[in-house]
């Protein structure tokens, strides 16, 4: 395919592209690899995913069915939309920078998330350690210092909660 769609994709075009599991999986594989993949390898991996089998246990028919579908339908559709480039001479498929236009429409689990639970756990551990140290050194640390440390721990939780709230609401 020589011409690619370089304009921003409309919502309907994005929904059409993402409406097929094979196309979504191809995009996922190409993103994970970060480099071009041969169409034959892509076919093997898509067939393995669809049949829930290791590649070496697939039949030739299972692989061929996926290969034909990718070659005739899905790769041309992705190329026409400007999401991938297909080099027919080498047989390699690669993502273009236009793939980022799909990000807002991909399921949440496909996006990188901030590990909020890890942040809260870290704050809780730090707070517990500070409490333990303060308890063990009850007479050595002035009460005013302990109060300030306690306020800092609570403030850290407050900042984390506010950051999560702003993050979640900024994504719509």
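The values are calculated or read from the model by the stated rules, or taken from the named source; none is laboratory data. Please read these numbers as outputs of a predicted model, since none were measured by experiment. Neighbour counts are summed over all protein chains in view; Cβ atoms, including those assigned to glycine, are modelled from backbone coordinates with ideal geometry.
Within segment 29-48, the residues that satisfy the criterion of being crowded, with 16+ Cβ neighbours inside 10 Å and under 24 Å from residue 104 (Cβ atoms) are 29, 30.
Would you list the helices (runs of 4 or more DSSP H) that sit entirely within segment 1-115 and hold 2 or more residues that are over 27 Å from residue 168 (Cα atoms) and modelled with pLDDT of 95 or more? Don't jump to the end; show me each part of the working.
Values: elements: 11-18, 21-33, 39-51, 60-69, 75-80.
Result: 39-51, 60-69, 75-80.
Of all residue pairs spaced 6 or more apart or on separate chains, those with beta-carbon atoms under 9 Å, a first member in segment 132-155 that is without any contact (Cβ under 8 Å) to a residue 12 or more places away in the chain and a second member that is outside any helix (DSSP H, G or I) and surrounded by 10 or more Cβ atoms within 10 Å (Cβ to Cβ) are 133/141.
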